[in-house]
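What follows is one structure encoded as structure tokens, with my remarks underneath.
The values are calculated or read from the model by the stated rules, or taken from the named source; none is laboratory data. Since the model is a prediction, treat every value here as computed from it, not as a measurement. Note that each Cβ is placed from the backbone with ideal geometry, even for glycine, and that neighbours are counted across all protein chains shown. All accessible areas refer to the heavy atoms of the entire protein, side chains included, with ligands and DNA or RNA removed. Shrake-Rupley method; radii C 1.70, N 1.55, O 1.52, S 1.80 Å.
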Amino acid sequence: MGVDFGYRGERLGLPQEGPGSIAPLGRRFGALFIDWTLCVVIAYGLIARGDQTAAGNWAVVVLLVLSLLTVGTVGSTPGKRIFGLRVISADGERLGIVRVAVRSVLLCLAIPALVWDRDGRGLHDRLARAVQVRI
């Protein structure tokens, strides 16, 4: 007999489907792909001036700044906006700048973003008490 953990987001008081529900992993990966591509292009063209090795390193810095500025102000990065996602606090409010900074730094470290809980939140979201939801 299996254990019923409920649907993703139930423990957080989020709906099972539709606006405000936990963002699906496919959309989150798609958003991250768009954001990372944008950061690599910016780093390659504007900062590293064609040096591929330097562009890879600078892209992480650009991702950090992009995340701080966009999640800290409008709640979503360009990629998240395209995929209809938003980052909010676990209690449904907007994230403060300190929590956005914690989340952004941990995201740039990559490993915390690859460790998930049963609600599908990465460690970077858990530690920042954040959740990615559908708009």
* **From phi via Karplus (6.51, -1.76, 1.60), per-residue ³J(HN,Hα) for region 10-23 in Hz, x at Gly/Pro** => 4, 4, 8, x, 8, x, 6, 9, x, x, x, 7, 4, 5
* Which helices of the chain meet both criteria: a Cα extent of 27 Å or more along the helical axis and a mean Kyte-Doolittle score no lower than -0.5, with helices taken as whole DSSP H segments? -> 52-73
* **Contour minus Cα-Cα distance for Ser21 and Val3 (0.36 nm per residue)** => 4.3 nm
* Sticking to Cα atoms, compute the Rg of the chain to one decimal and its Dmax as the biggest Cα-Cα distance, whole number, in Å. => 15.5, 59
* To do: Find, among the chymotrypsin sites (Phe, Trp or Tyr not before Pro) in region 10-62, those assigned to loop by DSSP (not H, G, I, E, B) with at most 10 other beta-carbon atoms within 10 angstrom.
  => none
* Structure fact -> Of every hundred units of 1.4 Å-probe accessible area on the chain, the number belonging to carbon and sulfur atoms, as a percent, is 64 percent
* Computed helical MRE - 222 nm, the chain, DSSP H runs ≥ 4 contributing -39500 (n - 2.57), nearest 500 -> -14500 deg cm²/dmol
* Please work out whether region 77-118 counts as rounded, prolate or oblate from its C-alpha gyration tensor, where a ≥ b ≥ c are the square roots of the eigenvalues and a/c under 1.5 means rounded, while otherwise a/b larger than b/c means prolate and anything else oblate? => rounded
* Asked: Where in region 76-115 is the amide nitrogen less than 15 Å from a point lying 7 Å along the Cα-to-Cβ axis of Arg129?
  -> 88-103
* Full-extension gain in nm, Trp116 to Leu68, via 0.36 nm per residue minus C-alpha separation -> 15.1 nm
* Considering the dipole of region 1-111 built from charges on the beta carbon (Lys and Arg +1, Asp and Glu -1) around the Cα centre, which of Gly50, Val102, Val71 is farthest to its positive end? -> Gly50
* Asked: For the chain, what is the accessible area per residue in Å², given a 1.4 Å probe and the full set of protein chains?
  -> 57 Å²
